[in-house]
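In what follows, a structure is listed as structure tokens, so that the remarks can point back to it.
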Amino acid sequence: DAGVIQSPRHEVTEMGQEVTLRCKPISGHNSLFWYRQTMMRGLELLIYFNNNVPIDDSGMPEDRFSAKMPNASFSTLKIQPSEPRDSAVYFCASSRLSNNEQFFGPGTRLTVL
Amino acid sequence: EDQVTQSPEALRLQEGESSSLNCSYTVSGLRGLFWYRQDPGKGPEFLFTLYSAGEEKEKERLKATLTKKESFLHITAPKPEDSATYLCAVQWAFNDYKLSFGAGTTVTVRA
């Protein structure tokens, strides 16, 4: 079975540019999570979707960040405009039910210059 | 404030030298405790879930145990391929979708 798929794997952009990260969860999983990982703060939950509906976006750092889940097999995380402090590894994870174990994708390493 | 603390931050082992990692938590109403392994440049890989004090789970050279305030991940006779960062995460009963991660323990096993 395919795991969680993320693209791109690496993204280098300049400050002020729009960045879009993509995620395909595991088929049959109803919950999707976006995380950010940095050395300073570790793994932080940004937003959680259940059945394609955003349930908790309290971890989204500011209005420059937005996330969508138009259907059960696709989600995007957008940063506009990007800033150097957004540089991090962004992970998407999915789970069958909201309280089950979460399975993580390979991540997108974002560098904002 | 609920917290998850892992110790030590780093652990260097000789191949075959067994050891334990600790994950302590100050959580009101634990629903579950999760262990993940993360290799450099990859996403966390799920290992175990523990739900109640006294519970134990095993997978190859790894065994996870849970008490009311902490969990241990025991590595028995480790091999170099066990080198990774091990993360624990706590899930609260009242907010049961959210995982709060510790900072991790980086294990290096030398041949």
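The values are calculated or read from the model by the stated rules, or taken from the named source; none is laboratory data. Nothing here was measured: the structure is a model prediction, and the numbers come from that model. Here the Cβ positions follow ideal geometry from the backbone for every residue, glycine too, while neighbour counts run over all protein chains shown.
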When residues of the range A:53-79 are filtered for being touching a Leu at 6+ places or on another chain (Cβ under 9 Å) and among the aromatic types (Phe, Trp, Tyr), how many remain? 1
In the range A:39-52, residues that are without any contact (Cβ under 8 Å) to a residue 12 or more places away in the chain and at negative phi total 3
Tally time: how many residues in the range A:81-93 are surrounded by 15 or more Cβ atoms within 10 Å (Cβ to Cβ) and either of a type in the set (Val, Ile, Thr) or not in a loop (DSSP other than H, G, I, E, B) (or both)? 7
Go over the candidates B:102, B:43, B:32 one by one and state the one that is facing chain A (nearest Cβ under 9 Å), in contact with a Cys (Cβ under 6 Å, 6 or more places away or on another chain) and either within 25 Å of residue A:55 (Cβ to Cβ) or at pLDDT 95 or above (or both). B:102
For the list (1) within 11 Å of chain A (Cβ to nearest Cβ); (2) touching a strand residue (DSSP E or B) at 6+ places or on another chain (Cβ under 7 Å); (3) not small (Gly, Ala, Ser), I need the number of the one condition that residue B:55 fails. (1)
Some residue of the range A:41-53 being among the hydrophobic types (A, V, I, L, M, F, W, C), surrounded by fewer than 14 Cβ atoms within 10 Å (Cβ to Cβ) and within 12 Å of chain B (Cβ to nearest Cβ): no
Kindly indicate whether residue A:31 is away from every other protein chain (no Cβ under 12 Å), surrounded by 14 or more Cβ atoms within 10 Å (Cβ to Cβ), among the polar types (S, T, N, Q) and more than 26 Å from residue B:105 (Cα to Cα). no
Pairs please, first residue from the range A:85-113 and under 12 Å from residue A:49 (Cα atoms), second anywhere and acidic (Asp, Glu), Cβ atoms under 7 Å, 6+ apart in sequence or on different chains. A:95/A:101; A:98/B:96
